[in-house]
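Step one of this worksheet: look at the structure below.
The values are calculated or read from the model by the stated rules, or taken from the named source; none is laboratory data. Small disclaimer: the values here were computed from a predicted structure and weren't measured. Cβ sites come from the backbone with ideal geometry, for glycine too, and all protein chains shown count toward neighbours. SASA here: full protein model, heavy atoms, side chains in, ligands and nucleic acids out. Shrake-Rupley method; radii C 1.70, N 1.55, O 1.52, S 1.80 Å.
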Amino acid sequence: MTEPTPSDLLVILRHGPHGTNWLREGLDAALVAAAFGRRVSLLFMGEGVTALLRGQQAGPLDQKGTSATLEMLEMYDIETLLVEEAALERFGLTEADLMLPVRLLSAEAISSQPGAHRLVLTF
């Protein structure tokens, strides 16, 4: 994991992989920004942590999961994946349940993230 620099874009993802398009739109924004040379960090909070679960299946109405998009992050040099530790605990999950390596953040560490990035998008 790389440490963010002030020129980074932080994309905060608060929604799960099914039910809305917010997660997919957030990931798409991150990929576009990375394709244009931005260093992008992703912060998964609340239900957003469920996007990282291994073995995602299609959701209601055959909504696709986001695992294929998440697997492309490395190709776009998106390596900083931050996860709200308390959200993992709320869902009874551990790092081992996640499909990608992440850095767990406490509530205190999360509160400092927006100020450590020049741009912040929330989905």
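So what is the 222 nm mean residue ellipticity for the chain from helices alone, if each DSSP H run of at least 4 adds -39500 (n - 2.57) and you divide by all residues, rounding to the nearest 500 deg cm²/dmol? It would help to have the intermediate numbers written out before the result.
Values: 4 runs with 31 residues, N = 123.
Mean residue ellipticity, 222 nm, calculated: -6500 deg cm²/dmol.
Take every Cα pair under 8 Å in the chain that's 6+ residues apart, average their separations, divide by the length, and report that relative contact order as a whole percent. Before the final figure, lay out each step's value.
Numbers: 221 pairs, mean separation 46.4, N = 123.
This gives 38 percent for the chain.
Over the stretch 16-123, give the accessible area per residue in Å² for a 1.4 Å probe, as an integer. Intermediate results must be reported in sequence, preceding the final value.
On the way: 5910 Å² over 108 residues.
So the stretch 16-123 comes to 55 Å² accessible per residue, rounded to a whole number.
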The chain - Rg (one decimal) and Dmax (whole number), Cα, Å: 13.4, 40
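Quick check on packing: order 20-27, 116-123 by the mean number of other C-beta atoms within 10 Å, highest mean leading.
Details: 20-27: 18.0, 116-123: 15.9.
Taking the mean over residues of other Cβ atoms within 10 Å, the ranking is 20-27, 116-123.
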Column: log10 I(q)/I(0), Debye, Cα scatterers of the stretch 75-118, q = 0.22, 0.27 Å⁻¹: -0.83, -1.03
Tell me the label-point distance for the pair PHE36, GLU95, using the 7 Å Cα-to-Cβ offset, in nm and rounded to one decimal. 3.4
Vicinal HN-Hα couplings computed from phi for the stretch 28-33 (Karplus, 6.51 cos²θ - 1.76 cosθ + 1.60; Hz; Gly/Pro x): 4, 4, 5, 5, 5, 4
Using amide H atoms built 1.01 Å from N in the peptide plane, name the residues 5+ places from VAL120, or on other chains, whose amide H lies under 5 Å from its own. LEU10
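On the protein heavy atoms, probe 1.4 angstrom, tell me the percent of accessible surface of the stretch 32-123 carried by carbon and sulfur.
Values: 2800 of 5220 Å².
Carbon and sulfur: 54 percent of the exposed surface of the stretch 32-123.
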Using a 1.4 Å probe, how large is the accessible area of MET99, given in Å² and rounded to the nearest 10? 40
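Of the DSSP beta bridges with both residues in the chain, give the percent that are antiparallel, rounding to the nearest 5. Write out the running numbers ahead of the final one.
On the way: 1 of 17 bridges.
In the chain, approximately 5 percent of DSSP beta bridges are antiparallel ones.
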